[in-house]
Each structure stands twice: as C-alpha cells, then as structure tokens.
Amino acid sequence: MAFSYTNAKERTYYLHHKNTQLKNGRAQTIYFFARDIRENDALDAVPEGYVVSETKNGLPVLKKAV
C-alpha cells in the first residue's frame, strides 16, 4: 500500500519516486506526491532521513530531517 498524506484541505496525496540520470552522469532519486497511485513508482513509507511538510498552498513535500 502506498504512503498517503492528507493535507489541511482534506486532499489525499500518495508518495512516489523516480530514478533519473543527471547531465553529469550521476544518478539521483526524485521524490514527489501525486493525487493518484502509480503502480511502479509508489512508495510504502517515507524514506529514512526525510519528513513530510506542507507548503502554504497545501501541497505536501519531503524535506530532509534535521
């Protein structure tokens, strides 16, 4: 089951990830929230070292834990 987050506006978002290749050749994982579950990219939990935060517009984002 994908990790879900319900914001202050009562909208549910699901956590996903995508592995990309940067121009310098380095691989990087991008984390993002979407309103629907995408089967291949959905994550079951927040990655270690990250916390979920909400922007002033109500969009959830991942931030590195301090």
Quick one: would you say Val51 is more than 22 Å from Thr6 (Cβ to Cβ) and either modelled with pLDDT of 95 or more or not acidic (Asp, Glu) (or both)? no
Filter region 1-41 for residues that are in contact with a Lys or Arg (Cβ under 9 Å, 6 or more places away or on another chain), of a type outside the set (A, V, I, L, M, F, W, C) and in contact (Cβ under 8 Å) with a residue 24 or more places away in the chain and give the result. Arg11, Tyr13, Tyr14, His16, Tyr31, Arg35, Asp41
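When the residues of region 1-35 are filtered to those that are in a loop (DSSP other than H, G, I, E, B) and more than 17 Å from Ser53 (Cα to Cα), which remaining residue is modelled with the lowest pLDDT?
Only one residue fits best here, namely Met1.
Looking only at region 1-17, which residues are among the aliphatic types (A, V, I, L, M) and surrounded by 12 or more Cβ atoms within 10 Å (Cβ to Cβ)?
Selection gives Ala2, Leu15.
The values are calculated or read from the model by the stated rules, or taken from the named source; none is laboratory data. Just so we're clear, the structure is a prediction, and the values are computed from it rather than from any experiment. Ideal geometry is used to build each Cβ from the backbone, glycine not excepted, and the neighbour counts take in all protein chains shown.
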